[in-house]
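One structure is given here, and the rest of the page talks about it.
The values are calculated or read from the model by the stated rules, or taken from the named source; none is laboratory data. Predicted model, so just to flag it, every value in this text is computed and none were measured. Glycine also receives a Cβ, built like all others from the backbone with ideal geometry; neighbour counts cover every protein chain displayed.
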Amino acid sequence: MGLREVAQKRLRWRSRLRSGRAVRTPVAPLVLGPAGALYLIDRHHLVRALAEEGHAEVLAQPIADFSYLESWDLWPALDARGWCHPFGADGHRRPYAKIPSTIADLSDDPYRSLASALRRAGGFAKKAVPFSEFAWADFLRRRIAAQILALDFDAALGQALRLAGTPAARDLPGWRPDRLAILRTGAAPLSAHVFR
């Protein structure tokens with residue numbers, strides 16, 4: 001989870017409320033698990049942002065009913081469908097038992113926030129591929145120093161924009177070959193809008 005992304009969603013939510021525009025209650029996709037437990041399979045940043053803004057409820061959209069499974073069979077079933085991402089903020093796979101049990105317990109992965117900012121800046125296209133931004137976060141984690149990301153997010157985003165157009169990124173979901181052409185011609189980069 002990228003906590004910078006959570007903070008941005010909180011700001012956007014507050015802005016919508018202040019503007020007086022109609023605000024739709026977001027829908028969270030859930031899976032019903034053993035013993036009636038609910039498992040959020042997407043929109044983690046938004047749900048955490050709303051919780052931090054004091055909203056106790058979101059609309060739920062049931063995706064699947066796995067209540068018949070034993071508890072030890074749930075995570076492999078979710079993983080097989082691409083509905084969980086059992087990796088830590090360091091990009092390494094974790095045992096299912098280490099997956100946090102609440103949204104509040106999810107740890108910060110600054111590279112996940114960087115990947116989200118990169119997508120918004122046009123570095124890659126949004127795809128309906130589960131956890132595509134995590135794939136980009138892992139790509140960036142291996143190429144941009146943590147110190148740069150911690151000290152100067154905008155500089156890290158500039159590096160990410162350059163990297164996104166390289167052939168090394170071509171197998172990532174949403175890769176845009178036109179980014180490579182921009183790099184080769186020296187054309188002006190896509191404008192980056194970073195929320196502070």
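Structural remarks
- Residue count, segment 74-87 (criterion: free of Cβ contacts under 8 Å to residues at least 24 places away in the same chain and not basic (Lys, Arg)): 5
- Top-ranked residue of segment 114-152 - restricted to ones that are closer than 21 Å to Arg43 by Cβ and among the small types (Gly, Ala, Ser), ranked as surrounded by the fewest Cβ atoms within 10 Å (Cβ to Cβ): Ala128
- From Asp42, Asp65, residue being of a type in the set (Asp, Glu) and either in the same structural domain as Ala156 (by TED's automatic domain parsing) or modelled with pLDDT under 90 (or both): Asp42
- Qualifying residue in segment 120-140 (condition: modelled with pLDDT of 90 or more, among the hydroxyl-bearing types (Ser, Thr, Tyr) and not assigned by TED's automatic domain parsing to the domain that holds Trp72): no
- Count of segment 1-39 residues which are surrounded by 15 or more Cβ atoms within 10 Å (Cβ to Cβ) and at pLDDT below 85: 3
- Filtered residues of segment 164-175 (kept if under 19 Å from the mean Cα position of the chain (by Cα) and assigned to a helix (DSSP H, G or I)): Ala164, Ala169
- Residues in segment 77-114 that are assigned to a helix (DSSP H, G or I), touching a Leu at 6+ places or on another chain (Cβ under 8 Å) and not hydrophobic (A, V, I, L, M, F, W, C): Pro110, Tyr111, Ser113.
- Selection count, segment 122-133, where residues are closer than 16 Å to Ala169 by Cα and either among the small types (Gly, Ala, Ser) or free of Cβ contacts under 8 Å to residues at least 24 places away in the same chain (or both): 5
- Here Leu69 meets each of (1) more than 29 Å from Ser113 (Cα to Cα); (2) touching a Ser or Thr at 6+ places or on another chain (Cβ under 7 Å) with one exception, condition (2).
- Complete set of residues in segment 43-64 that are part of a loop (DSSP other than H, G, I, E, B) and within 13 Å of Leu106 (Cβ to Cβ): Arg43
- Scanning segment 47-70 for residues that are of a type in the set (Ser, Thr, Tyr), surrounded by 10 or more Cβ atoms within 10 Å (Cβ to Cβ) and closer than 23 Å to Leu3 by Cβ turns up nothing.
- Candidates Ser191, Ser113, Ser101 - the one that is polar (S, T, N, Q) and at pLDDT 90 or above: Ser113
- Inter-residue pairs, beta-carbon under 6 Å, first more than 16 Å from Pro100 (Cα to Cα) and in segment 34-60, second in a strand (DSSP E or B), 6+ apart: Val58/Ala28; Leu59/Val27; Ala60/Ala28; Ala60/Leu30
- Of the criteria (1) surrounded by fewer than 16 Cβ atoms within 10 Å (Cβ to Cβ); (2) in the same structural domain as Asp152 (by TED's automatic domain parsing); (3) at pLDDT 90 or above; (4) of a type in the set (A, V, I, L, M, F, W, C), which one Ala80 fails: (2)
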